[in-house]
Amino acid sequence: MTRRHFLLGGTGAMVLAAGMRSMTAAETFEITKSDAEWRRILTPAQYATLRHEVTEPPFSSPLDREKRRGTFACAGCGLDLYSSATKFDSRTGWPSFWTPLENAVGTRRDLSLGMPRTEVHCRRCGGHLGHVFNDGPKPTGLRYCMNGTAMVFKPV
């Protein structure tokens, strides 16, 4: 390894690290809990997804196959996020929606994989839900690709 490769690799790692989203003191949410409190109330999978942005394996969530009428809510704080009327089968292996409920989610730029994406989180507790992409169906053309572990389903 040459000095040039070492320096370029270090610079790339710093850029990636700078792009990774993490909750900062500047971000405030209606519901805040200590890390210990989140660990106590969430399952290990929910905690990993909501608090540390771990993506569940594709096709692993029962919510991807959920077809009943109802509402998908944040597993962290219970805020209603998506109506089953906006759910569609994206064939990606994750529950997908073409729009969230009004005032349910927040977004921010995410460069954690070295490419720009839009991260989606619960607007009330800040829990990581997934990402939104511009390859969804009409009428919005958006695909809110969510982790099933980040949500609970409330049938009507």
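With contacts taken as Cα pairs under 8 Å at a separation of at least 6 residues, the range 57-142 carries a relative contact order of 22 percent.
List the chymotrypsin sites (Phe, Trp or Tyr not before Pro) within the range 114-156 that fall in a DSSP loop (any state other than H, G, I, E or B) and whose Cβ has at most 10 other Cβ atoms within 10 Å. Answer in residue order: no site qualifies. If R0 equals 41 Å, the separation of the Cβ atoms of ILE41 and LEU113 corresponds to a calculated FRET efficiency of about 0.90.
The base-10 log of I(q)/I(0) for the range 67-156, evaluated at q = 0.13, 0.17, 0.20 Å⁻¹, reads -0.38, -0.65, -0.91 [Debye formula, identical scatterers on Cα atoms, solvent excluded]. Distance between the C-alpha centers of the range 116-150 and the range 27-51? Whole Å please. Centre-to-centre (Cα) distance: 19 Å. Cut-off under 18 Å on the C-alpha distance; same-chain residues fewer than 8 positions from LYS33 excluded. Which aspartates and glutamates are left, in chain and number order? Cα-Cα hits under 18 Å: GLU53.
Between PHE133 and THR55, residue separation times 0.36 nm minus the direct Cα-Cα distance comes to 26.5 nm. Taking amide H atoms as placed 1.01 Å from N in the peptide plane, the amide H of HIS131 lies under 5 Å from those of VAL120, CYS145, each 5 or more residues away in sequence or on another chain.
None of the figures in this text is laboratory data; all of them are computed from the coordinates on show. These figures come from a predicted structure and were not determined experimentally. Quick reminder, even Gly has a Cβ in these numbers, built from the backbone with ideal geometry, and neighbours come from all protein chains shown.
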